[in-house]
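The values are calculated or read from the model by the stated rules, or taken from the named source; none is laboratory data. In this text the structure is predicted, and so the values were computed from the model without any measurement. Neighbour counts run over all protein chains shown; Cβ positions are idealised from the backbone, glycine included.
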DNA sequence: ACTATTTCCTGGATGC
DNA sequence: TGCATCCAGGAAATAG
């Protein structure tokens, strides 16, 4: 499932490949689920624009589009990949694969295709040019602000980390991995953690995200980047999906529990 | 204002 | 082998 490092990798790859290209036509599939805006709004916002940049905000891909001579010159196409969403760049004529929900024809003769079997992904458009996610970027936040964000929360720290209104971009993989590195059990209440523990956690989150970005993200299930390449960070996971396997530090079997309705993995000896 | 729970979706794994 | 059931999870919706 694409989280911050995966979306960052995908957005960078997309930027490299389609920045400067022009959108000539847009096709939106029948299934309404993947849309937050109406299909017509998306078509109207995209057609005839130039792709100025592609970037990541939280777990979302933002295409900054510039329209010629239109009232709001700048608009954004926002893509959330959900669990299984993929954004492909293919040459015109490539066979349409199953679960393709949108096809964007580019002036260069290629197409951007949104494919998402599970349909947890979402497409939307914005006319303003100042799109911001609801939370704070984990790689930009300082330790003091991080502590302020979490120290009053009574929910389990893992559930708080997954709350995109607080911090955005951290999902199940990196929440588990950061908590392991910080030596904190996922069920600990956020407001029961010491300042030192929250400081450590802040550092661990930034460390694990930076390492994952450097390796192109984690390829679990069917994640691939804009070039169809797999990431390599899954080889560095200490706890995620390692239930029953020995901890890399102390050899204790990794345990799996449910926190906030999510599969959660931790080392019962290294994490307190 | 929070927190907890349910819901959406399909493919792959598991069970009988 | 075949069919049914379960499970994965981001985030919105709903309930408490």
If residue A:174 satisfies every condition in (1) closer than 22 Å to residue A:237 by Cα; (2) modelled with pLDDT of 95 or more but one, which is the exception?
(2)
Run residue A:54 past the list (1) over 22 Å from residue A:90 (Cα atoms); (2) in contact with a helix residue (DSSP H, G or I) (Cβ under 6 Å, 6 or more places away or on another chain) and report the number of the one that doesn't hold.
(1)
Would you check if there is a residue in the stretch A:207-218 being within 14 Å of DNA strand B (Cβ to nearest atom), modelled with pLDDT under 95, touching a helix residue (DSSP H, G or I) at 6+ places or on another chain (Cβ under 7 Å) and not in a helix (DSSP H, G or I)?
no
All but one of (1) closer than 20 Å to residue A:132 by Cα; (2) within 16 Å of DNA strand B (Cβ to nearest atom) hold for residue A:55, so report the exception by its number.
(2)
Checked pairs for the stretch A:150-166, first within 19 Å of residue A:137 (Cβ to Cβ) and in contact (Cβ under 8 Å) with a residue 40 or more places away in the chain, second assigned to a loop (DSSP other than H, G, I, E, B) and within 6 Å of DNA strand B (Cβ to nearest atom), C-beta under 7 Å and 6 or more apart or across chains, list as A:162/A:260
